[in-house]
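Report on the structure given below.
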Amino acid sequence: MCPTNGKLHLDNGRTAYHFQPAKFWQNDPNGPLYHNGLYHFFFQYNPHGPLWDTGKLSWGHSVSGDLVNWAFLGTALDPTDPFDVNGCWSGSATVLPGGRPAFLYTGRDADGVQVQNVAFAKNPLDPLLREWEKPSCNPVVAIPADVTNNNFRDPTTAWLGRGGLWRMAVAAEVGGAGSALVYRSADFLRWERNAAPMHSSAAVPVLECPDFFPVVEHGSEGLDASANGAGVKHVLKLSEFDTHQDFYMVGRYADEEDTFSPEESERGDNCRSWRCIDYGQAYAAKSFFDARRQRRVQWLWVNEYDTKVDDVAKGWAGVQAFPRKVWLDSDGKQLLQWPVDEIETLRTKRVGLQGTEVKAGGLHEIAGIATSQADVEVVFEIPNLKEEAESFDPEWLDPHKLCKEKGAAFAHGGVGPFGLIIMASGDLQEQTAVFFRVFRHHGKYKVFMCTDLSRSSTREDVYKDAYGGFVDVDIEKDKSISLRTLIDHSMIESFGGNGRACITTRVYPEHVATSSSHLYVFNNGSGTVNVSKLEAWELATANVNVADADLAALDAIRVADGTCQDAVAV
Ligand code: DQQ
């Protein structure tokens, strides 16, 4: 970790503490893993340039002792064999009994056909897991005859079920329906398809990157992928190609048939009406069980929303969201997502507010820290919810539309818009608002959260949409709502209602080239809101794949975790 000494790097939006390779293109998280005292992160990577290009991707590989500082180890898989020569696409890691890590991944073969492959860590005792071998029996699963449009990809981490057989789920388009197919195997090499898919969304043809994992019904500890039985529920997460959003549902998994029954069956079979992992620009979530801290940790890819020309000029594209701990809410229906605690090691200068009234039209600057690299936690109290909440119009059920039509600038809208203004220029010409509005609906309340990018940059050629979703909280009981936002130059990652709704977005303001950014609390509602507590920390720059700092990063790992002392002696 490097102290910032008040000097933050100002460049083309490159982040300071989010995961990025030093250069070139990255997309989906692949095969995250905790093994022999180190965290491994693999990712879709183009080692030749900053664009996805022809999709002949490799798996980039980095290693960490703390999920914050990372050393880049090059590529773990490259498209070199007939079964993956057109790309080593997304997949997952599984630790086999005896401790040998294995990958299941999609290869695009010599004809461009999508097939499933395995690879094994050459030396499981090498904590850096530098070398991976692909057995010659690949592909282990050929594309089935009923799969349409060559959509067959992204195997999950395997789990052990009834009969001691491995299972994996693979996304596939079967007869036009986006499906999660289950395959079983006794030896990890020969896989047989189950008759019934684990899920099928008739109205959604292309699904990608399934993630399937158990959660404890009560508590926040994580479970290994194979855990099942009393007190355990399961989560099925699917990435939907058209909307580029990740949807999930909590449910029950029966391992006789490998079926998954969503608990909120009223939401239907179309996964677009399931719950959303992140309402913003994040995609392809992939989680792993962190045995060191007994938690489940999720990664998420966040694309660029500037232009290809910019990406070529920058020499890089793609960021990962900060790793999030995920667990089941006490309502048993939704996930809570929260940045892993290790982020606190980056916290430096702190400023705060307590019991501050923000009246209608109020704007209150949070000064004293560099706010383009910060972690902000705030709790808003709403004193007059009953009197001031507007009635909800059923036309507003589409949160995306609602966010567009009733953005942050919408003055005097009842309870809200109130929230944070982030990455603002001194004259407020550029600003990104993350805010809430509360509506009354059938005698209850609906809390809406939005990130409005419409004024985020004076540039015309970057994407400046508005993103929103509803936060499933009981605001009548709580009388308050919390917001946590991680700001990292071009990344704005927000967690509403203690992690019940997340919105991650990219911003490309122009003022950062010449001046620093400002942070405000604002209220454009018609009544007062109180900031019962606000804490904002400036964050130090982490050592993330900085080419010439790799040795220092490995040293940091050595200090952080004695178990890998010998292994990292380079
Ligand atoms: N990205 C990979 C595919 C996956 C898609 C290719 C999702 O395996 O379906 O880079 O972003």
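Annotations
- Qualifying positions in region 56-84 - away from the ligand (no atom under 15 Å from the Cβ) and either in a loop (DSSP other than H, G, I, E, B) or outside the structural domain of R130 (by TED's automatic domain parsing) (or both): G65, D66, L67, V68, N69, T80, D81, P82
- D341 fulfils the conditions (1) over 26 Å from the mean Cα position of the chain (by Cα); (2) without any contact (Cβ under 8 Å) to a residue 60 or more places away in the chain; (3) open to solvent by 60 Å² or more (accessible area, probe 1.4 Å) except for a single criterion, (1).
- Annotation note: Cβ proximity below 6 Å between a residue of region 144-171 that is within 19 Å of D84 (Cα to Cα) and a residue that is within 13 Å of the ligand (Cβ to nearest atom) and in a loop (DSSP other than H, G, I, E, B) (sequence gap 6+ or interchain) occurs for N151/V206; V170/P155; A171/D154.
- Residues satisfying the stated conditions in region 287-338, i.e. acidic (D, E) and either part of a strand (DSSP E or B) or surrounded by 19 or more Cβ atoms within 10 Å (Cβ to Cβ) (or both): D290, E304, D306, D311
- Restricting attention to region 473-494, the residues that are charged (D, E, K, R) and either under 12 Å from D375 (Cα atoms) or in contact with a His (Cβ under 7 Å, 6 or more places away or on another chain) (or both) total 3.
- Members of region 170-191 found to be touching a Leu at 6+ places or on another chain (Cβ under 9 Å) and of a type outside the set (A, V, I, L, M, F, W, C), listed by number: E173, G178, S179, R184, S185
- Taken together, K386, K406 contain a single residue that is open to solvent by 10 Å² or more (accessible area, probe 1.4 Å), closer than 15 Å to G468 by Cβ and either modelled with pLDDT of 95 or more or among the basic types (K, R) (or both), which is K406.
- Per-region count, region 265-284, residues closer than 10 Å to C502 by Cα and more than 16 Å from the ligand (Cβ to nearest atom): 2
- Filtered residue count, region 250-275, keeping only those that are open to solvent by 30 Å² or more (accessible area, probe 1.4 Å) and in contact (Cβ under 8 Å) with a residue 60 or more places away in the chain: 7
- Per-region count, region 285-302, residues more than 16 Å from the ligand (Cβ to nearest atom) and of a type outside the set (A, V, I, L, M, F, W, C): 6
- The residues on offer are F470, F448, F435, F495, and the sole one that is open to solvent by 10 Å² or more (accessible area, probe 1.4 Å), in contact (Cβ under 8 Å) with a residue 24 or more places away in the chain and of a type in the set (A, V, I, L, M, F, W, C) is F470.
- Search result, residues across region 86-132 that are within 16 Å of the ligand (Cβ to nearest atom), charged (D, E, K, R) and either under 26 Å from the mean Cα position of the chain (by Cα) or surrounded by 24 or more Cβ atoms within 10 Å (Cβ to Cβ) (or both): R108
- Residue in region 340-358 that is part of a loop (DSSP other than H, G, I, E, B) and among the small types (G, A, S) present: no
- Filtered residue count, region 531-553, keeping only those that are among the charged types (D, E, K, R), open to solvent by 10 Å² or more (accessible area, probe 1.4 Å) and at pLDDT 95 or above: 2
- Checking each residue of region 10-26 against the condition of being under 24 Å from L207 (Cβ atoms), within 23 Å of the chain's Cα centre (by Cα) and within 16 Å of the ligand (Cβ to nearest atom) gives at least one match.
- Selection of region 289-327 for residues being of a type in the set (S, T, Y) and within 19 Å of the chain's Cα centre (by Cα) yields only Y305.
- Filter result for S456 (open to solvent by 10 Å² or more (accessible area, probe 1.4 Å) and either β-branched (V, I, T) or in contact (Cβ under 8 Å) with a residue 40 or more places away in the chain (or both)): no
The values are calculated or read from the model by the stated rules, or taken from the named source; none is laboratory data. Treat the numbers as computed from the prediction; the structure is a model and nothing was measured. In this analysis, Cβ positions are derived from the backbone assuming ideal geometry, glycine residues included, and neighbour counts consider all displayed protein chains. SASA here: full protein model, heavy atoms, side chains in, ligands and nucleic acids out. Shrake-Rupley method; radii C 1.70, N 1.55, O 1.52, S 1.80 Å.
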